[in-house]
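This report concerns only the one structure given below.
The values are calculated or read from the model by the stated rules, or taken from the named source; none is laboratory data. The model shown is predicted, which means the values in this text are computed figures rather than measured ones. Cβ atoms come from the backbone with ideal geometry, glycine included; neighbour counts cover every protein chain shown. Side chains included, ligands, DNA and RNA excluded: accessible areas come from the protein's heavy atoms. Shrake-Rupley method; radii C 1.70, N 1.55, O 1.52, S 1.80 Å.
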Amino acid sequence: MLDGAGLYIHYPWCVKKCPYCDFNSHPIKGEVDQQAYCTALLADWATQKRPGDYFHSVFFGGGTPSLMHPRYVGQLLATLPINPDAEITLEVNPGTHEYMDFADSRKSGVNRLSIGAQSFDDKQLRNLGRVHQSDEIKFAFNKARGAGFENINLDVMWGLPEQTVAEALQDLQCAIELQPEHISWYQLTIEAKTEFARRTPILPVEQITYEIETAGLELLAAHGFRRYEVSAFAQSSQQCQHNLNYWQFGDYLGLGAGAHGKRSPADWSNKTEQPKRVSKTSQPRLYLADPIASTEQLIDAETIALEFMMNALRLVDGVDWALFEHHTGLTKSNVETQWSQLQTNELVAATHCGTTKKGLRYLDSVLQAFI
Ligand SMILES: C[S@@+](CC[C@H](N)C(=O)[O-])C[C@H]1O[C@@H](n2cnc3c(N)ncnc32)[C@H](O)[C@@H]1O
Ligand code: SF4
């Protein structure tokens, strides 16, 4: 049973592919048969579901789910077993606002939007191959507010090609001025097999990225955005519940092309079975042809501690050791040697399963200890 689990629904198409993006996203060629995709998602659900499934958060991610007609979003939300108080997020590319009826999305049950702003500088938006300009971000944001969305995230990237400290802070300032409830502030990473990996732009040197990060964290904090995860900042209690569940190593079900899920055994308490990952084929064409096919992989006892740490240690406050035991079937003693070494180096906490400030900054080195 997926009690307290999240539900992820992937919409794999975009207007065009951004050169830095390694998500499962495919430029639209011709018309997308959205009814067929919605039918495939429901068939996918029918084969993955288990008695008692009940979702506490839903996330429509992409790709560009803001291209999905609210009729289909509504159809899915009405069919799947979702807690009436669930956080239901939909990712929006501001360049698609003209296709999107924000009021209908709100009526369909979506109650949180995540808008991919990336930058407010038109030159950078062109560098990033975005389909929108800066003023469209503000337009989409205000349109969303007008339609009754009271919970909005803005995605902003930093460390952009040849970006200065002042430019990065100006981007953050523009995001803050819109007064969203949440900001995700990601450092641009060059991912293998992307256009940027083949033709890498000139990126700011380490000294500049250090200065951007330090000043950006201060600016966010000064405006009440509390950092609760490496790249996630929220006003008061507006943390993203769906992502918190991932970072707390909770279970989730994934529907759609390239979607992933994680499931603990039905009776996890006796610790005789291992959790598993379920993944769906990433090609939309193949998924539409066979939405039922999936690949399953057990998370074995050797890697589960690392997987847990890769998620939980991203959280600024970490988690209790009880959660580690609950989700991995291990006890703290299984990682005691690594933990005390990290503690000696002041990278992790003594009181709970979490990093120190220094450990969060050098998270990759901390995680090395569990490989
Ligand atoms: C699944 S993407 C999609 C949202 C939506 N399709 C859009 O682009 O507007 C979620 C976020 O990840 C971030 N992101 C994507 N690729 C990245 C990269 N290579 N480095 C850092 N952040 C990245 C972007 O901020 C993006 O908004
Ligand atoms: S719009 Fe979003 S998902 Fe699509 S290619 Fe660009 S970054 Fe990737």
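Annotations
- Once the 1.4 Å probe is applied to the protein heavy atoms, the chain comes out at 46 Å² accessible per residue.
- Built amide H within the under 5 Å cut-off of Ile115, gap 5+: Val92, Asn153, Leu154, Asp155
- Net charge, Leu219 excluded, C-beta distance under 15 Å - Lys, Arg +1, Asp, Glu -1: -4
- Subset of Lys29/Lys193; Lys262/Lys357; Lys107/Lys262; Lys17/Lys193 violating a 19 Å alpha-carbon distance limit: Lys29/Lys193; Lys262/Lys357; Lys107/Lys262
- Taking trypsin sites (Lys or Arg not before Pro) across the stretch 182-237, the ones in a DSSP loop with at most 15 further Cβ atoms lying within 10 angstrom of their Cβ are Lys193, Arg199.
- For the stretch 126-248, the percent of C-alpha pairs falling in each 10 Å distance bin, counted from 0 to the bin holding the largest distance, reads 11, 39, 37, 12, 0.
- Here Val316 and Thr337 are evaluated by their C-beta separation; at R0 = 22 Å the FRET efficiency comes out at 0.30.
- Area accessible to solvent at Ile202, 1.4 Å probe radius, in Å²: 120
- Inter-label distance, nm, simple model (7 Å from Cα along the C-beta direction), Lys358/Tyr54: 4.6
- Computed accessible area, His223, all protein chains, 1.4 angstrom probe, square angstrom: 80
- About its Cα centre, the chain has a charge dipole of approximately 580 debye under the convention of +1 per Lys or Arg Cβ and -1 per Asp or Glu Cβ, with nothing else charged.
- Convex hull volume per residue in cubic angstrom - Cα atoms of the stretch 301-371: 73
- Using 0.36 nm per residue and subtracting the Cα-Cα separation, the extra length available between Gln35 and Ile371 on full extension is 116.6 nm.
- Other residues lying with their Cβ under 15 Å from the Cβ of Cys21 contribute a combined charge of +1, Lys and Arg counting +1, Asp and Glu -1.
- In the stretch 1-141, the convex hull through the Cα atoms has an average projected area of 8.7 nm², a quarter of its surface area.
- Kirkwood-type radius of the chain, with distances r between different C-alpha atoms, in Å: 21.6
- Among the GluC sites (Glu not before Pro) in the stretch 86-161, those placed in a DSSP loop whose Cβ has at most 12 other Cβ atoms within 10 Å are Glu98, Glu150.
- The chain, accessible surface, carbon-and-sulfur percent (1.4 angstrom probe): 51
- Top positive-direction residue, dipole computed over the stretch 3-245 with Cβ charges, set Asn83, Gln170, Gly216: Asn83
- DSSP beta bridge pairing in the chain, given as percent antiparallel to the nearest 5: 35
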